[in-house]
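Written below as structure tokens is the structure these notes are about.
The values are calculated or read from the model by the stated rules, or taken from the named source; none is laboratory data. Keep in mind the model is a prediction, meaning the values are calculated, not measured. Heads up, the Cβs are rebuilt from the backbone with ideal geometry, glycines too, and the neighbour counts pull from every protein chain shown.
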Amino acid sequence: MATDLLPSDLSVAIGEKALQMGFSACGFALVQDVPDEVYNHWQEWIATGKHATMGYMEQHAPLRRNPQGLLPGARTVISVALNYYPAEDMPAGNPRFARYAYGRDYHDVMRCMLGELVQYIQSLQPCECRCCCDTAPLFERYWAMQAGVGFTGRNSQLIIPGKGSYFFLGEILTTLNLPPSQPIESQCGECRKCIDACPVRAISDNRMIDARRCISCQTIENRGDIPTEVAKRMGRRVYGCDTCQEVCPHNRHAVPTSIAALAPRPELSTLTYSRLTTLTQADFSRIFAGSAVKRAKYQGLMRNVEALDPTLFE
Ligand code: SF4
Ligand code: SF4
């Protein structure tokens, strides 16, 4: 039943509910134009071709500038973070999958959880809401910073102080006018560990990732051949890359997720190099049903397997 709560009471209730549900952080940002600095950074990334083959990243400039177009009358962005850090890694000798892809596709998990949070919000006060999880042209990390959830590191990941960066982000745009949280400033300091550790030198000093070189982008988003220079540096990485997160000091205190759906699917640990080389389309469909790995499709994963150096797995 709808009640007549003050905006500050509403934001406390929503934040508490989000944490109860299993989100690790929740904050609120006022809907307005993103600053020129953020918008121009994106434009430069596009203009210099660093988005590689991700043509969709070029689109919807007006919505990126101001998310009001995604939900007319939107007043607040509610930003949430969901921990996906696994309790254990895949066997060290196997080809490596990025940790975010161990469990169920985060889009499904996040959509369900955001839907539940929206139901709760609307039970408190009638309002319009729109859920987003990597599904709308929003500068997600900017809004998470504005909402006090975390800060964007030099590796372009959203980092929650004291918790690290192994988090999915989700947003609820709402017509509710909620008091904004205190934004968080960068806490990278003089650190450059991610820049130095990136095997393909894809991270520039101005916090821009060159997706043409990034192993994560090339093994997941690219539909063509993997550039030779990138393939040479894949090491054991067959799907995605976690290196710029693994070296980040903020991830020293990462704790395993409590979300059961994000736990590693058991068959992942059986995927040795030799098993992957004989994987059939039917195997792929069964093993990765409901997984984010399906984004690369069978052909993409097998292309990645072929790019690996077999001598690394002898
Ligand atoms: S994901 Fe890997 S390749 Fe891409 S920027 Fe990070 S360390 Fe470099
Ligand atoms: S490794 Fe260092 S520079 Fe890179 S994101 Fe983490 S704290 Fe920032």
Residues of segment 220-238 satisfying the condition of being within 13 Å of ligand 1 (Cβ to nearest atom), surrounded by fewer than 20 Cβ atoms within 10 Å (Cβ to Cβ) and in contact (Cβ under 8 Å) with a residue 60 or more places away in the chain: Glu221, Ile226, Ala231, Gly235, Arg236
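Name the residue, out of Glu171, Glu190, that is away from ligand 1 (no atom under 12 Å from the Cβ) and crowded, with 22+ Cβ neighbours inside 10 Å.
That would be Glu171, the only listed residue that is away from ligand 1 (no atom under 12 Å from the Cβ) and crowded, with 22+ Cβ neighbours inside 10 Å.
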Any hit, segment 259-269, residues being at pLDDT below 95, hydroxyl-bearing (Ser, Thr, Tyr), at negative phi and part of a helix (DSSP H, G or I): yes
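Can you find even one residue in segment 75-88 that is touching an Asp or Glu at 6+ places or on another chain (Cβ under 7 Å) and small (Gly, Ala, Ser)?
Within segment 75-88, one or more residues are touching an Asp or Glu at 6+ places or on another chain (Cβ under 7 Å) and small (Gly, Ala, Ser).
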Qualifying positions in segment 37-60 - assigned to a helix (DSSP H, G or I), under 18 Å from Asn222 (Cα atoms) and either in contact with a helix residue (DSSP H, G or I) (Cβ under 7 Å, 6 or more places away or on another chain) or aliphatic (A, V, I, L, M) (or both): Ile46, Met57, Glu58
Residue among Pro67, Pro91 that alone is over 25 Å from Arg212 (Cα atoms) and surrounded by fewer than 17 Cβ atoms within 10 Å (Cβ to Cβ): Pro91
Out of Asp196, Asp205, sole residue that is more than 30 Å from Gln122 (Cα to Cα), within 12 Å of ligand 2 (Cβ to nearest atom), in a helix (DSSP H, G or I) and not β-branched (Val, Ile, Thr): Asp196
Segment 272-314, residues that are touching a helix residue (DSSP H, G or I) at 6+ places or on another chain (Cβ under 6 Å) and not in a helix (DSSP H, G or I): Phe288
Considering residues of segment 117-157 that are within 16 Å of ligand 1 (Cβ to nearest atom) and basic (Lys, Arg) only, the residue nearest to Leu71 (Cα to Cα): Arg141
Meets criteria (within 24 Å of Asn83 (Cα to Cα), touching a residue at least 12 places away in the same chain (Cβ under 8 Å), outside any loop (DSSP other than H, G, I, E, B) and in contact with a Lys or Arg (Cβ under 8 Å, 6 or more places away or on another chain)) for Cys217: no
One residue from Ile78, Ile46 being surrounded by 19 or more Cβ atoms within 10 Å (Cβ to Cβ), within 22 Å of the chain's Cα centre (by Cα) and in contact (Cβ under 8 Å) with a residue 12 or more places away in the chain: Ile78
Identity of the residue in segment 193-210, more than 8 Å from ligand 1 (Cβ to nearest atom) and among the hydrophobic types (A, V, I, L, M, F, W, C), that ends up nearest to Glu58 (Cα to Cα): Met208
Residue pairs meeting the criteria (Cβ under 7 Å; at least 6 apart or on separate chains; first within 19 Å of Phe23 (Cβ to Cβ) and outside any helix (DSSP H, G or I), in segment 244-256; second away from ligand 1 (no atom under 15 Å from the Cβ) and aromatic (Phe, Trp, Tyr)): Ala254/Tyr85; Val255/Tyr85; Pro256/Tyr85
